Amino acid sequence: MGMEHLSCSALRPRTHLGLKEIKVRKETEEEEEPLSPVARMFHEPQSNIYVILIVGFKSPIDPHNFKANLVETFVKHPRFSSVQVSKFHINLCFTFVLKTNQIHQVADGGEMKWVKTKVDINNHVIVPMVDQDQYHMDMAASDKFVEDYVANLTKTQISMSIPMWDCHVLNLQTSDAESTLVFRVHHSLGDGTSLMSLLISCSDELPSFPEMKKPRSAGTGRFSIWLGRCWNLKDAKATMDRKKATLEAQFRLFIAKVFVKFHPTKLAAFPSTTMWFSNVAGPQHQISIFGNPVAFLAASVYGQPASLTVHILSYSKKINVALSVDDNTTLNPYELCDDIEEALQLMKNTIINVKGWIK
């Protein structure tokens, strides 16, 4: 426990769309890795799910510096520099490449694979123009602008002709941050834990080493930052390896194989349900990403067949609760947010007041 602050945010409704038309290029003849059964399931019309991570920074974001750092980190990851295409479509493209530049996705059951591609960072980093004067000193209006921006984003999808992720830089002061980054990733690229591990690996903080001395020169400082990021990547990989070795990972693989075996041409999809609940553990201490101190982290998903999704993400000594709702079933998500926050505060205070539980 030990949480000192609780806050809530609400997301507006989203729509569920099927697969869009895709562009397939004959760019490589080397062996490509097939998508896992779970990754393929996330492309089904009722399971076409995206992860949204909202990062609040304590300083404005420099788009040029941010793009340069992404090229050296995220873009080097195989999943963030590969497109997802059907083997059936690749073969078709070889035959009809002179007649057409794109093919429509069809329900052929063809195996989907990761295909390495050249990443144009400008296709993945969006910096909308924001009228600073309109929102100057009006934090309520700024907060609503960010919320509406995220809500409208959940009504769209990323083209399968590029790696399925993007970042939206909002240099607008809100009540919680000086700027906001909206990071959107298709769920087939990874789950919340793996994406959080990737984010932490890009942080600027060094791990605690008793023998490490304070840098004496700029060169030593750069080496220490490089060494720290290597250790962060090592820790992130160790965490993922431990999770892959658990019975949970084996059970999920078994279920996924069952889906593929009994649905050879159409993968199973998530059933419609009333509510989803999800939580991810974030960094225990405050971090900086590409030199920008992080003020808060919040996460959610969209595209799922659920009327209400509650997502909890911890960061430092805070937790953020994000709601993704359908206005047809949840008339007042803000009141629901307040109720959840009040309930969590009551639980926290009760535990704190129990003698011997928290020192």
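Can you tell me which of (1) in contact (Cβ under 8 Å) with a residue 12 or more places away in the chain; (2) over 14 Å from the mean Cα position of the chain (by Cα); (3) surrounded by fewer than 22 Cβ atoms within 10 Å (Cβ to Cβ) is the one Thr156 doesn't meet?
All conditions are met except number (1).
Among the listed residues Asp176, Asp166, Asp148, which satisfies the condition of being assigned to a loop (DSSP other than H, G, I, E, B) and acidic (Asp, Glu)? Break it down into steps so the answer makes sense when it comes.
Numbers: Asp166 fails: assigned to a loop (DSSP other than H, G, I, E, B); Asp148 fails: assigned to a loop (DSSP other than H, G, I, E, B).
That would be Asp176, the only listed residue that is assigned to a loop (DSSP other than H, G, I, E, B) and acidic (Asp, Glu).
Sort out for me the strands (runs of 3 or more DSSP E) sitting completely within region 5-92 that have 2 or more residues that are at pLDDT below 80.
Correct list: 5-11.
So the check is Cβ under 8 Å with 6+ separation or different chains; which pairs have a first residue in region 327-338 that's over 15 Å from Val310 (Cβ atoms) and a second one that's of a type in the set (Lys, Arg) and open to solvent by 70 Å² or more (accessible area, probe 1.4 Å)?
Once the first residue is over 15 Å from Val310 (Cβ atoms) and sits in region 327-338, its partners that are of a type in the set (Lys, Arg) and open to solvent by 70 Å² or more (accessible area, probe 1.4 Å) give Asp327/Arg12.
The values are calculated or read from the model by the stated rules, or taken from the named source; none is laboratory data. Since the structure is predicted, the reported quantities are computational estimates derived from the model, not experimental observations. Glycine also receives a Cβ, built like all others from the backbone with ideal geometry; neighbour counts cover every protein chain displayed. Areas reflect the complete protein model, heavy atoms only, side chains present, ligands, DNA and RNA absent. Shrake-Rupley method; radii C 1.70, N 1.55, O 1.52, S 1.80 Å.
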